[in-house]
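S.K.: Can you read through this structure? Questions will come right after.
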């Protein structure tokens, strides 16, 4: 079934930040699985835009947990007006206007959550949102192109840039490199230029 929410155009700067896992309790609350370990973007926005699990929009790690019947019946973006969102154990729980009981919350199961990038809180000095680093070109101090940021990976105490570079031989596979995103190796991030400069060699 399609959730009973109003439709709206997806903002041009919409970023996928998580998905709705399941209902929580009997009063319309629901569990949210954020894509980031620091889900400030979810807390800062009071309007979440929802897409069904199987609708392609941006690269995502979301697993489709909705039935095919639900996916077929729901194709347009929906707006979820958030009353409250908060940390709960190892996940996030939230409540929204027009979602007043468990059945309504269950209808949201599997939905992909998008919020406008413009609604993200400002990052601190030397801090960056993962989404802003994806796609940046990485070069070393000698100007050698090491590849493009394809993904980021959290290893606990630090974040690692996962790069993809052109194959070294014709017909070969793309080269993958991993560089810790720490000051010992990262000289600077230039977001306007879409470039990260690092103290790193291609054979490390």
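Quick note: the coordinates plus some simple rules give every number you see, no bench work behind them. Small disclaimer: the values here were computed from a predicted structure and weren't measured. For neighbour counting, all protein chains shown are included, and Cβ atoms are generated from backbone atoms with ideal geometry for every residue, glycine included.
S.K.: How much length is gained if the chain between residue 125 and residue 97 is pulled fully straight, taking 0.36 nm per residue apart and subtracting their Cα-Cα distance, in nm to one decimal?
M.R.: Length gained between residue 125 and residue 97: 6.5 nm.
S.K.: In percent, how large is the relative contact order of the chain, given Cα pairs closer than 8 Å and 6 or more residues apart?
M.R.: 21 percent
S.K.: Rounded, prolate or oblate for segment 114-204? Axes are the square roots of the Cα gyration tensor eigenvalues, ordered a ≥ b ≥ c, and the cut-off for rounded is a/c under 1.5.
M.R.: prolate
S.K.: Using only helices, what value at 222 nm comes out for the chain when you add -39,500 (n - 2.57) per DSSP H run of length 4 or more and divide by the total residues, to the nearest 500 deg cm²/dmol?
M.R.: Value at 222 nm, helices only, nearest 500: -2000 deg cm²/dmol.
S.K.: Among 16, 142, 6, rank each residue by its count of other Cβ atoms within 10 Å, from fewest to most, as a rough exposure measure.
M.R.: Starting with the residue having the fewest Cβ neighbours, the order is 142, 6, 16.
S.K.: Could you line up 183, 44, 89 from fewest to most neighbouring Cβ atoms inside 10 Å?
M.R.: Arranged by neighbour count, lowest to highest, 183, 44, 89 become 89, 183, 44.
S.K.: Of the listed values (1) 156; (2) 125; (3) 143, identify the label whose number matches volume of the Cα convex hull per residue in Å³ calculated from this model.
M.R.: (3)
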